[in-house]
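These notes are about the structure you will find just below.
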Amino acid sequence: PPHREQEEKTGSSTVQNLLFRLGEKEKAAFAFPYYTYQFAYPERFRSQFVDELPEGAAQFDILCSHMRLDLAQLRQVMPQNTVFFTLLRDPVRTFESVFSYFTATVPAFAQAKAAAAVARKSALSVFLESPESFWDPGEIRNGLAKNPMCFDLGLNSQGWNASWPEDLAQLEDAFQLVMIAEHFDESLVLLGALLGLDHEDLAYVRLNARSAGSVATLDEGTVGRLRSWNALDVLLYDFFLQLFWEKAELYGLDRLERDAALLREAAERLRQTCVARRGVPPGDLEDLLRPWQTDTATVVGYELRANLSQQQQGRCVRLTLPELQYHAHLYFLQYGRDMRSAPTLFTRPPPVDKGEHGIHLHRGGEHLRGKDGRGT
Ligand SMILES: Nc1ncnc2c1ncn2[C@@H]1O[C@H](COP(=O)(O)OS(=O)(=O)O)[C@@H](OP(=O)(O)O)[C@H]1O
């Protein structure tokens with residue numbers, strides 16, 4: 001059974017979608033959060049955050065919802081032969097994405113934004129001029145404000161300390177694969193080899209991407225400041241990037257490139273079949289396919305072709321289904337009830353409010369279930 005640790009803003013929704021599709025097809029038992037679609041994030045993961053084992057299942061097969069990692073607690077939930085993998089992204093791009101997406105929810109970022117309005121500068125540049133002045137390390141909602149990838153992996157993300165190398169070595173032992181977003185297709189090939197998946201299983205579309213207008217261009221000075229503020233994320237990334245290339249060499253570099261090319265072809269075929277328009281702004285998307293938005297970032301989605309067969313429709317909707325909608329759908333399939341909502345510190349509420357929520361999800365669910373004739 002795979003377990004994927006979800007890293008904020010690294011491309012993890014794209015990998016999660018793949019596991020959702022795979023798990024749904026195989027009727028896997030998902031270890032879902034008791035509340036909502038994330039494990040009480042940004043608290044450290046605890047086994048009691050997981051909902052009950054579904055009826056008839058002897059163990060959980062897949063766990064892939066948002067969490068801040070605690071390996072020991074996670075091992076209490078998942079079977080012994082679980083494959084652990086996660087995904088890292090260039091720390092500069094990750095931080096820029098985290099900053100843009102969570103400007104309003106991370107207090108350190110929100111304060112920088114307020115100061116920027118006065119100074120008539122960008123919030124990110126004001127933050128990077130003196131990050132320490134905005135950053136209160138005692139405030140848990142500031143977890144993502146510095147070294148967000150280390151934070152999500154449960155490492156000490158606030159500064160270097162003596163146990164860091166050992167903590168890193170533990171992660172190296174625990175994860176069979178650490179994927180690298182900059183080599184996404186090659187990472188997927190290695191994942192496929194690990195889980196016994198073929199190119200068709202691995203075909204994907206890029207999910208949760210911001211519109212071009214939401215992505216900041218970074219000059220050299222900004223990149224330098226981002227790297228020094230997130231120095232531990234840089235260390236983490238460089239360490240696992242090197243490990244990634246060692247794994248790639250073991251697989252065979254030529255073979256990896258050949259397989260990545262085949263995967264790209266399979267993915268492109270599926271995109272040609274399914275997608276009429278990519279990069280579609282939220283206002284143009286129906287509820288079912290509209291990704292969750294924040295106040296500060298526009299996240300784009302996909303419009304499907306109009307004349308799909310029933311079977312294609314089932315596959316294409318799932319391929320492009322945003323995280324919350326797919327999570328809610330699978331939760332409903334697994335338990336026969338709606339996902340529980342609960343306020344968390346980082347509230348990203350369900351896509352529509354409570355009253356409509358059920359109707360929307362049922363409609364979404366029926367749409368999904370009806371179109372491919374799976375039925376529940
Ligand atoms: N395949 C692939 N390769 C490279 N990058 C990718 C891929 N898929 C998604 N992305 C980018 O990842 C960002 C979204 O990350 P997450 O899905 O992890 O976000 S979230 O934490 O779950 O909200 C988001 O980055 P930004 O657009 O910079 O915000 C996506 O564009």
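Quick check: is even one residue across region 99-120 at pLDDT 95 or above, under 20 Å from ILE180 (Cβ atoms) and within 13 Å of the ligand (Cβ to nearest atom)?
no
Looking at (1) within 20 Å of the chain's Cα centre (by Cα); (2) modelled with pLDDT of 95 or more, can you tell me which one ASP201 breaks?
The number of the failed condition is (2).
Here is a check on your reading of the model: is VAL50 within 17 Å of PHE84 (Cβ to Cβ), of a type in the set (A, V, I, L, M), within 11 Å of the ligand (Cβ to nearest atom) and in contact (Cβ under 8 Å) with a residue 24 or more places away in the chain? Explain how you work it out, then say what you get.
Values: within 17 Å of PHE84 (Cβ to Cβ): yes; of a type in the set (A, V, I, L, M): yes; within 11 Å of the ligand (Cβ to nearest atom): no; in contact (Cβ under 8 Å) with a residue 24 or more places away in the chain: yes.
It is false that VAL50 is within 17 Å of PHE84 (Cβ to Cβ), of a type in the set (A, V, I, L, M), within 11 Å of the ligand (Cβ to nearest atom) and in contact (Cβ under 8 Å) with a residue 24 or more places away in the chain.
Quick one: in region 93-108, of everything that is aromatic (Phe, Trp, Tyr) and part of a helix (DSSP H, G or I), which residue is surrounded by the fewest Cβ atoms within 10 Å (Cβ to Cβ)? Working first, answer last.
Pass one, region 93-108, residues aromatic (Phe, Trp, Tyr): 95, 99, 101-102.
Narrowing the set further to residues that are part of a helix (DSSP H, G or I) leaves 95, 99, 101.
Details: PHE95: 27, PHE99: 27, TYR101: 25.
Per the stated criteria, the residue is TYR101.
Among (1) in contact (Cβ under 8 Å) with a residue 40 or more places away in the chain; (2) under 23 Å from ARG318 (Cβ atoms), there is one condition ARG225 misses while meeting the rest; what is its number?
Just one mismatch for ARG225, condition (2).
For LEU63, which of the numbered conditions (1) in contact (Cβ under 8 Å) with a residue 40 or more places away in the chain; (2) surrounded by fewer than 23 Cβ atoms within 10 Å (Cβ to Cβ); (3) among the hydrophobic types (A, V, I, L, M, F, W, C); (4) more than 13 Å from the ligand (Cβ to nearest atom) fails to hold?
(2)
Scan region 130-151 residue by residue and report those that are in a helix (DSSP H, G or I) and touching a helix residue (DSSP H, G or I) at 6+ places or on another chain (Cβ under 8 Å). Outline the logic, then answer.
Within region 130-151, the first condition is being in a helix (DSSP H, G or I), and the residues that meet it are 131-134, 140-145, 148-151.
PRO131, PHE134, ARG141, ASN142, GLY143, LEU144, ALA145, PRO148, MET149, CYS150, PHE151 - these are the residues of region 130-151 that are in a helix (DSSP H, G or I) and touching a helix residue (DSSP H, G or I) at 6+ places or on another chain (Cβ under 8 Å).
Could you grab the pairs with beta carbons closer than 6 Å, sequence gap of 6+ or different chains, first residue in region 100-118 and over 14 Å from THR294 (Cα atoms) and without any contact (Cβ under 8 Å) to a residue 24 or more places away in the chain, second one aromatic (Phe, Trp, Tyr) and within 16 Å of the ligand (Cβ to nearest atom)?
none
Looking at region 24-47 only, could you name the residues that are part of a helix (DSSP H, G or I) and touching a residue at least 40 places away in the same chain (Cβ under 8 Å)? Outline the logic, then answer.
Residues of region 24-47 that are part of a helix (DSSP H, G or I), as a first pass: 24-26, 47.
Selection gives GLU24 alone.
If we scan region 48-55, do we find a residue that is buried (at least 23 other Cβ atoms within 10 Å of the Cβ) and assigned to a loop (DSSP other than H, G, I, E, B)?
Within region 48-55, not a single residue is buried (at least 23 other Cβ atoms within 10 Å of the Cβ) and assigned to a loop (DSSP other than H, G, I, E, B).
Within region 216-253, can you find the residues that are among the aliphatic types (A, V, I, L, M) and over 21 Å from LYS146 (Cβ atoms)?
Initially, region 216-253 is screened for residues among the aliphatic types (A, V, I, L, M), giving 216, 218, 223, 226, 231-232, 234-236, 241, 243, 248, 250, 253.
LEU243, ALA248, LEU250, LEU253, listed by residue number.
Within region 193-224, which residues are assigned to a loop (DSSP other than H, G, I, E, B) and away from the ligand (no atom under 15 Å from the Cβ)?
Step one: of region 193-224, the residues assigned to a loop (DSSP other than H, G, I, E, B) are 196-198, 203-209, 211, 215-219.
Passing the criteria: GLY196, LEU197, ASP198, ASP219.
Do we find that GLN325 is modelled with pLDDT of 55 or more, more than 26 Å from THR103 (Cα to Cα) and assigned to a helix (DSSP H, G or I) in this structure? Write out each step before concluding.
On the way: modelled with pLDDT of 55 or more: yes; more than 26 Å from THR103 (Cα to Cα): no; assigned to a helix (DSSP H, G or I): yes.
In short, no.
Mind listing whichever residues of region 66-84 are assigned to a strand (DSSP E or B) and either within 11 Å of the ligand (Cβ to nearest atom) or surrounded by 22 or more Cβ atoms within 10 Å (Cβ to Cβ) (or both)?
At the first step, the residues of region 66-84 found to be assigned to a strand (DSSP E or B) are 66, 68, 83-84.
Scanning region 66-84 gives HIS66, ARG68.
For (1) within 17 Å of ARG269 (Cβ to Cβ); (2) surrounded by fewer than 17 Cβ atoms within 10 Å (Cβ to Cβ); (3) not hydroxyl-bearing (Ser, Thr, Tyr), each residue gets a yes or a no:
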{"residue": "PHE184", "(1), (2), (3)": "no, no, yes"}
{"residue": "LEU190", "(1), (2), (3)": "no, no, yes"}
{"residue": "ALA193", "(1), (2), (3)": "no, yes, yes"}
{"residue": "ASP198", "(1), (2), (3)": "yes, yes, yes"}
{"residue": "ASP201", "(1), (2), (3)": "yes, no, yes"}
{"residue": "ALA209", "(1), (2), (3)": "no, no, yes"}
{"residue": "GLU220", "(1), (2), (3)": "no, yes, yes"}
{"residue": "VAL223", "(1), (2), (3)": "no, yes, yes"}
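Quick check on my filter: what residues within region 267-318 are in a loop (DSSP other than H, G, I, E, B), surrounded by 18 or more Cβ atoms within 10 Å (Cβ to Cβ) and away from the ligand (no atom under 16 Å from the Cβ)?
Scanning region 267-318 gives a single hit, LEU285.
Can you tell me which condition SER13 does not meet? The list is (1) out of contact with any helix residue (DSSP H, G or I) (no Cβ under 9 Å at 6 or more places or on another chain); (2) within 24 Å of ALA212 (Cβ to Cβ), and all the others hold.
(1)
Take the residues in region 1-39 that are farther than 21 Å from LEU71 by Cα and away from the ligand (no atom under 16 Å from the Cβ), then tell me which one is surrounded by the fewest Cβ atoms within 10 Å (Cβ to Cβ).
GLU26
Does LEU241 satisfy the criteria of being among the hydrophobic types (A, V, I, L, M, F, W, C), away from the ligand (no atom under 16 Å from the Cβ) and either over 29 Å from VAL299 (Cα atoms) or assigned to a helix (DSSP H, G or I) (or both)?
Values: among the hydrophobic types (A, V, I, L, M, F, W, C): yes; away from the ligand (no atom under 16 Å from the Cβ): no; either over 29 Å from VAL299 (Cα atoms) or assigned to a helix (DSSP H, G or I) (or both): yes.
So LEU241 fails the test.
The values are calculated or read from the model by the stated rules, or taken from the named source; none is laboratory data. None of the values given here were measured: they were computed from a predicted structure. Positions of Cβ are generated from backbone atoms using ideal geometry, with glycine treated the same way; all protein chains shown enter the neighbour counts.
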